[in-house]
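For reference, the structure is listed below as structure tokens.
Values in this text are rule-based calculations from the coordinates and carry no lab data. Note that the coordinates shown come from a computational prediction; the quantities given were computed from them, not determined experimentally. Backbone-built Cβ (ideal geometry, glycine too); neighbour counts: all protein chains shown.
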Amino acid sequence: MRVFVAGAAGAIGRQLVPMLIDAGHVVTGTTRSAERAVWLRSQGAHPVVVDVMDADALTAAVVDARPQVVIHQLTDLAAGFGVDQLRANATLRQVGTRNLMDATLAAGAARMVAQSGAWLYAPGPEPHGERDALLDPADVADHPVLPGIIELERIVTSTPNVEGLVLRYGFLYGPGTEGTDPGDGPTVHVLAAADAAARAVDHGPPGVYNIVDDGGSVSNARARAELGWQPGLGW
């Protein structure tokens with residue numbers, strides 16, 4: 001398949017792109033860095049240097065790539081995880097996701113796989129499944145992450161003519177992340193997270209999937225059953 005990966009040189013993208021190439025997909029990947037574009041080319045992908053907030057440039061890039069599937073791995077956290085950085089990332093999820101979905105529609109791609117988070121469930125019986133409610137914005141009005149997640153998931157799962165799959169990742173650990181071992185809360189190894197996105201290219205019906213390690217407060221049963229995904233696999 002022809003796959004367009006937005007955010008192809010981030011923590012997950014750097015693991016995902018080689019997986020997609022090895023599986024025989026034709027991959028176009030975006031980055032904002034010329035240096036990272038060189039890395040993408042070295043992996044066998046077609047690099048595009050573009051800012052997702054530039055809607056016209058992004059649409060031109062996606063249309064030119066003619067993808068069948070678009071994968072959204074965009075973040076804006078290179079400067080860290082402070083409140084200001086988290087709010088900037090929420091804006092990217094709100095505005096950038098809209099731009100990417102518009103570009104997906106313009107290109108005629110039929111499927112989008114998008115990164116979300118598994119740590120925002122409202123209090124209730126555990127382990128949480130995908131049907132459980134997220135936090136209520138009215139109860140956490142100044143939350144730096146929640147507005148971006150809610151809008152991203154709304155766009156991806158409710159846009160007509162696009163099969164939208166949302167992957168709610170646990171907190172990442174492993175190569176290119178903040179830690180080598182699981183921390184608190186729902187977690188997932190970055191390679192397992194990338195594997196879930198690679199599987200979602202052609203596995204699973206539209207909807208939301210928790211991508212988390214076993215045994216925590218969030219269930220991964222749907223991803224196991226419908227994506228054929230496992231959190232271990234020797235990562």
> In nm, what is the difference between 0.36 nm times the number of residues separating Asn161 and Phe81 and their Cα-Cα distance?
Replying inline: 25.3 nm
> What is the distance, in nm, between label points placed 7 Å from the Cα along the Cα-to-Cβ direction at Val140 and at Ser217?
Replying inline: 0.9 nm
> Distance in nm between label sites at Val38 and Asp202, each 7 Å beyond Cα in the beta-carbon direction?
Replying inline: 3.4 nm
> Given 0.36 nm per residue, what is the gain on full extension from Arg2 to Asp51 after removing their alpha carbon distance, in nm?
Replying inline: 15.6 nm
> Of all DSSP beta bridges in the chain, what percent run antiparallel (nearest 5)?
Replying inline: 5 percent
> In what order do Glu226, Glu35 fall by count of nearby beta-carbon atoms within 10 Å, going from fewest to most?
Replying inline: Glu35, Glu226
>> At 7 Å along Cα-to-Cβ for each site, give me the label-to-label distance between Glu226 and Ile21 in nm.
In response: 3.2 nm
> Once you have the alpha carbon radius of gyration of the range 36-178, what is it after dividing by 2.2 N^0.38 Å, with N set to its residue count?
Replying inline: 1.11
> What number, in percent, do you get for the relative contact order of the chain if the mean sequence gap of Cα pairs under 8 Å and at least 6 apart is divided by its residue count?
Replying inline: 18 percent
> So what J values fall out for the range 30-41 if you push phi through Karplus, 6.51 cos²θ - 1.76 cosθ + 1.60 with θ = phi - 60°, rounded to Hz, Gly and Pro as x?
Replying inline: 9, 7, 9, 10, 5, 5, 6, 4, 4, 4, 4, 4
> Out of Val83, Met1, Thr104, whose Cα points farthest toward the positive end of the dipole of the chain (charges: +1 Lys, Arg; -1 Asp, Glu; placed on Cβ)?
Replying inline: Met1
> For the chain, what is the charge dipole size about the Cα centre, in debye to the nearest 20, if Lys and Arg each add +1 at the Cβ and Asp and Glu each add -1 at the Cβ?
Replying inline: 680 debye
>> Defining a contact as two alpha carbons under 8 Å apart and six or more residues distant in sequence, what relative contact order in percent does the range 143-235 show?
In response: 26 percent
> Binned at 5 Å from 0, what are the whole-percent values of the Cα-Cα distance distribution for the range 107-235, short to long?
Replying inline: 2, 11, 21, 23, 21, 14, 7, 2, 0
> Using a Gaussian network for the chain with springs between C-alpha atoms less than 10 Å apart, which of these wobbles most: Val17, Val83, Val69?
Replying inline: Val83
> Taking the Cα centre of the range 122-207 as the origin and placing charges on Cβ (Lys, Arg +1; Asp, Glu -1), which of Tyr169, Leu135, Gly204 is farthest toward the positive end of the dipole?
Replying inline: Gly204
>> Taking 0.36 nm per residue of sequence separation and subtracting the Cα-Cα distance, how much length would be gained by fully extending the chain between Ala110 and Asp64, in nm to one decimal?
In response: 15.0 nm
